[in-house]
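Throughout, read-outs are computed from the coordinates displayed, never taken from laboratory work. As the structure is a prediction and not an experimental result, all values here were calculated from the model. Cβ sites come from the backbone with ideal geometry, for glycine too, and all protein chains shown count toward neighbours.
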Amino acid sequence: MNQLIAVALGGAFGAVLRFLISSGVYHWLGRGFPYGTLAVNILGSFLIGLLTEALILQRVALSMEYRSAILVGLFGSLTTFSTFSLDTLYLLEQGQFSKASLNVFVSVLVCLFAVWVGLTLGKALFSSSNGYISWMGWVFPHGLLVVNLVGAFLIGMVSMVLLNKVPVPLEQGIAIVVIIVGIFVTLSSLYLIHYFIEYGYGLDSHLKSISVAIISNLLVCSGALWLGFFAAKQI
């Protein structure tokens, strides 16, 4: 039952993200081509590859509930094969065979490539010393910080694009962004602590290293969010 609840919570969050991202992309680029579905599938494919390798299956012993919430719930509802199939069928019914072929070609190949990029990045970050540097009693988890940087950048860019393209009241848009950023920073910081403990670096013996890692995470995420906002404004 706990696993079902975890999947339901992750699925609810992923479905909301899919709606917001796809709606923003459609408002931006129009509905002449299934840009929104393509965008969430590519983004979800990259993230599922990165997080599967870097955070879930091989690096830290997360419980089955957390794995199910992230892999099955969050990314299962963020990405959508059924909508991709329906969009392609509509294009065929409308006689737009070139667009239908392009949608199939781009969706399959680019999504596969995005998963490969995510997995490759995760392996590269954690192939040496499990993603952390140990020197003179200090421990610094550079692998997780890079993953958090990528996540914060994507959150910043997607959030700014949505605020610019989706007709949402400014106050509500800002509130949504603040909540999402707050949740991401909090969870990423908690995950850093969990990562330290998993590899035997406790709060009592490595408090300074953990504190430096959390402060670095806040600075990295803040800088990446700003870069994401800046990149979105250039679009």
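Overview of results
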| read-out | value |
| --- | --- |
| Spacing of the two label points (7 Å from each Cα toward its C-beta) at Ile133 and Val110, in nm | 3.6 nm |
| FRET efficiency, 1/(1 + (r/R0)^6) with R0 30 Å, evaluated for Ala231 and Phe19 via beta carbons | 0.85 |
| Prolate/oblate/rounded label for segment 129-235 (Cα gyration tensor, a/c 1.5) | prolate |
| Rounded, prolate or oblate (a/c below 1.5 giving rounded, otherwise prolate when a/b exceeds b/c) for segment 67-133 by Cα gyration tensor | oblate |
| Global geometry of segment 196-235, whether rounded, prolate or oblate, following the gyration tensor of its Cα atoms and the 1.5 cut on a/c | prolate |
| Sum of -39500 (n - 2.57) over DSSP H runs of 4+, divided by residues of the chain (222 nm, nearest 500) | -25500 deg cm²/dmol |
| Ranking of Met136, Met157 by count of other Cβ atoms within 10 Å, fewest first | Met136, Met157 |
| Estimated distance in nm for a label pair at Asn164 and Leu187, the labels positioned 7 Å out from Cα along Cα-to-Cβ | 2.6 nm |
| Partners for Lys99 among aspartates and glutamates (Cα-Cα distance below 20 Å; same-chain residues under 8 apart left out) | Asp87 |
| Rounded to the nearest 20 debye, dipole of the chain from Cβ charges on Lys, Arg, Asp, Glu | 300 debye |
